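To keep things clear, I will list the structure first and then write my remarks on it.
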Amino acid sequence: MPKILIADDEPNMRVLLKETLEEFEDKGVELLTADNGEETFKIIKTKRPELVILDIMMPGMSGYEICDTVKNVLGMKGIYILMLTAKAQEFDRLKGNEVGVDIYITKPFDPDEIIKKAAEVLKIEIQKK
C-alpha cells in the first residue's frame, strides 16, 4: 500500500493537507501524519512512505535535518520529499537543494499543485474536479 506522510507541527495544516489528499485514500493510499521532527523521522524509517510532505520549522528536528539524514546520511531511496514551508527566501530554497529536497513549495500553496505532484510521484491517476 503506497503511503504519504504529512509532517507539520500546525494541526490546521495537517488537516488541510489530509483533506486535500483524501481522494488518494480511495485509490488505496495510506495517509500518515506527524507533528514533530522525531516522529516524522521514525515514521520514515519504519513505514517508508513514497512521498513526504515536510515542513521546515518543527520541534525536535527541522525539515532540513530530516531530509539531510534520509537522503544523504542514510541514503534512503524511493522517498520523494516535498518541502512545504512558509520560508520563501532564496537562501532557504538553496538550503533545501543542498539537503536533497525533491521539490520546494511555499505557503500559501495551491492544493491542486500538491495533488498533481502526489499523483505524479505515486503514479496514480486522480480525476480533476
Between N36 and R48, what is 0.36 nm times their sequence separation minus the Cα-Cα distance? Round to one decimal in nm. 2.6 nm
What nm value, rounded to one decimal, do you get for the distance between K116 and E22 when each label is placed 7 Å out toward the C-beta? 2.3
What whole number of Å gives the distance from the Cα centroid of segment 7-21 to the Cα centroid of segment 30-59? 12
According to the square roots a ≥ b ≥ c of the eigenvalues of the Cα gyration tensor, what is the shape class of segment 3-122, taking rounded for a/c under 1.5, prolate for a/b larger than b/c otherwise, and oblate for the remainder? rounded
Count the lysine pairs in segment 3-122 whose Cα atoms sit under 13 Å apart, keeping only pairs 8 or more residues apart in sequence or on different chains. 8
Among DSSP beta bridges lying fully in the chain, give the percent that are antiparallel, nearest 5. 0
As I understand it, the value is the acute angle between the Cα axis of helix 90-99 and the longest principal axis of the Cα atoms of the chain; what does it come to in degrees, rounded to 10? 90
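Where a number appears in this text, it was derived from the coordinates with a stated rule and is not lab data. Small disclaimer: the values here were computed from a predicted structure and weren't measured. Backbone-built Cβ (ideal geometry, glycine too); neighbour counts: all protein chains shown.
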